[in-house]
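Beneath this line is the structure, given in structure tokens, with notes to follow.
Please treat every number below as a calculation from the coordinates, not as lab data. Computed from a predicted structure; not experimentally measured. Heads up, the Cβs are rebuilt from the backbone with ideal geometry, glycines too, and the neighbour counts pull from every protein chain shown.
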Amino acid sequence: MRNEPLIPSVDLTVHHQISGISDAIAFGFTKSLRFVADTFFAKRYGHRAIVLETVAAVPGMVGATLTHLKCLRRMCDDNGWIRTLMEEAENERMHLMTFIHVAKPTWIERCIILFVQWIFYVAFFLLYLVSARTAHRVVGYFEEEAVISYTHYLAELDEGRSPNVPAPAIAKHYWMLPEDATLRDVVLVVRADEAHHRDVNHGFASELAGVPASGVSVCPYPEHAAELQQGA
């Protein structure tokens with residue numbers, strides 16, 4: 001009998017309803033990128049993850065950097081935003097490092113990563129300078145789509161259309177998964193991470209808009225392992 005990893009449940013119904021032009025721009029931009037991803041990758045979810053996680057690791061670093069500089073200029077506290085955003089960037093990078101072991105990126109995908117990352121970094125940096133609220137809402141919608149994508153990936157694994165290979169060692173170490181963990185277990189924890197990022201960024205965007213934020217999904221980051229164990 002295999003040891004089941006302790007993974008928090010994910011609310012798949014969460015969707016921030018559009019309210020105002022800022023949200024509409026963020027949602028439209030997200031859906032446009034989703035269309036491109038679906039067209040290019042189709043159901044090659046492992047390869048999709050490699051490219052998209054490279055991009056997903058950008059917003060947290062940009063947001064942390066600009067928040068840090070703003071706090072220095074204004075000589076004010078960051079209310080925990082910097083650490084949260086840095087943790088998000090690191091977590092997304094670990095998603096990438098994990099899926100590199102699952103789906104080896106082709107030279108075309110490596111070229112796409114180089115091009116897309118620079119374009120997205122500059123674009124997101126400028127967007128955050130102009131409207132941090134819109135930037136965080138974009139990330140919130142991005143993560144909504146990520147939850148959907150990983151849910152589809154789970155279906156592919158459960159129905160046998162994608163092989164449920166053993167989990168990479170890096171994933172077992174980072175998420176403290178059991179030795180017999182599989183790719184399905186990895187996708188479950190990654191989806192839980194994305195749900196957490198979804199709720200955090202929607203919360204940040206709402207806070208900047210002066211609107212009360214809703215609850216935040218529990219994430220399976222390593223620092224939360226003890227909490228999950230106690231709740232088991």
Margin query: Less than 17 Å apart at the alpha-carbon level, and either on another chain or at least 8 residues along: which aspartates and glutamates does that give for Lys104?
Written below: Glu53
Notebook entry, point to check: Magnitude of the Cβ-charge dipole of the range 21-223, K/R +1 and D/E -1, about the Cα centre, nearest 20 debye?
Noted result: 640 debye
Item checked: Rg [Å, one decimal], Dmax [Å, integer] - the range 21-223, C-alpha atoms -> 16.9, 55
Next item on the list: Extending each Cα 7 Å along its Cβ direction at Ser9 and Val211, get the distance between those two points in nm, one decimal.
Entry: 2.6 nm
Margin query: Taking amide H atoms as placed 1.01 Å from N in the peptide plane, list the residues 5 or more away in sequence, or in a different chain, whose amide H sits under 5 Å from that of Thr182.
Written below: Ala167
Check: How many nm separate the modelled label positions at Trp107 and Tyr121, each set 7 Å beyond the Cα in the direction of the Cβ?
Finding: 2.4 nm
Next item on the list: Treating only the Cβ atoms of Lys and Arg (+1) and Asp and Glu (-1) as charged, compute the dipole magnitude of the range 96-145 about its Cα centre; round to the nearest 20 debye.
Entry: 140 debye
